[in-house]
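Take a look at the structure set out below.
The values are calculated or read from the model by the stated rules, or taken from the named source; none is laboratory data. Bear in mind that the values here come from a model prediction, so they are computed numbers and not experimental data. As a convention, Cβ positions derive from the backbone with ideal geometry for all residues, glycine included, and neighbour counts pool all protein chains shown. Note: areas computed on protein heavy atoms with side chains; ligands, DNA, RNA excluded. Shrake-Rupley method; radii C 1.70, N 1.55, O 1.52, S 1.80 Å.
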Amino acid sequence: QVQLVESGGGLVQAGGYLRLSCAVSGRPARGYYMGWFRQAPGKEREFVGTISRSGGTTNYLDSVKGRFAISRDNTKNTVYLQMNSLKPEDTAVYYCAAGLLTGKYADAYAYWGQGTQVTVSS
């Protein structure tokens, strides 16, 4: 079983930055594709980005390309989401997910964290 714990969320002004972390335990993170998703109030969960098991390939939601970056340190079993130039529309609960498959659909990921709140004020 894999457990995921996100941290690093908070309140930030528009234009600011945050770095979210996702700590993986139970099994080595290197065995899993990792994804980040977000869910704003009243909206469906939305794909943000994904990273391959080695960290060599990433894919992003169009609206976050050039602002967000996913990285991972498999020696620390941790995945990161660096968020720059934040906008009020980035406000959401952010979730990390792990799976043996990758992609932009939540069904590809078997394990999920509890989420961390990111609020961007205008």
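Quote the relative contact order of the chain in percent (integer), defining contacts as alpha-carbon pairs under 8 Å separated by 6+ residues.
Relative contact order comes out at 35 percent.
Excluding ligands, DNA and RNA, what is the solvent-accessible area per residue of the range 1-115 at a probe of 1.4 Å, expressed in Å²?
52
From the alpha carbon gyration tensor of the range 1-112, can you work out the equivalent ellipsoid semi-axes (sqrt of 5 times each eigenvalue) and give them in Å, largest to smallest?
In descending order, the three semi-axes are 22, 14, 13 Å.
Whenever you get a sec, compute what percent of the accessible area on the chain sits on carbon and sulfur atoms (1.4 Å probe).
Of all accessible area on the chain, carbon and sulfur atoms account for 48 percent.
Straight distance only, please: which lysines reach the Cα of K104 with their own Cα at less than 24 Å, same-chain residues fewer than 8 apart left out?
K43, K65, K87
Given charges of +1 on the Cβ of Lys and Arg and -1 on the Cβ of Asp and Glu, with all other atoms neutral, how large is the dipole of the range 43-100 about its Cα centre, in debye to the nearest 20?
The dipole magnitude comes to about 160 debye.
Which chymotrypsin sites (Phe, Trp or Tyr not before Pro) in the range 1-110 sit in a loop by DSSP (not H, G, I, E or B) and have at most 16 other Cβ atoms within 10 Å of their own Cβ?
When the chymotrypsin sites (Phe, Trp or Tyr not before Pro) of the range 1-110 are filtered for loop state and at most 16 Cβ neighbours within 10 Å, Y17, Y105 remain.
Measuring from centroid to centroid over Cα atoms, what is the spacing of the range 9-65 and the range 75-122 in Å?
Answer, in whole Å: 3.
Before anything else, pin down the relative contact order of the range 62-122: Cα pairs under 8 Å, at least 6 apart, normalised by residue count, whole percent.
For the range 62-122, the relative contact order is 29 percent.
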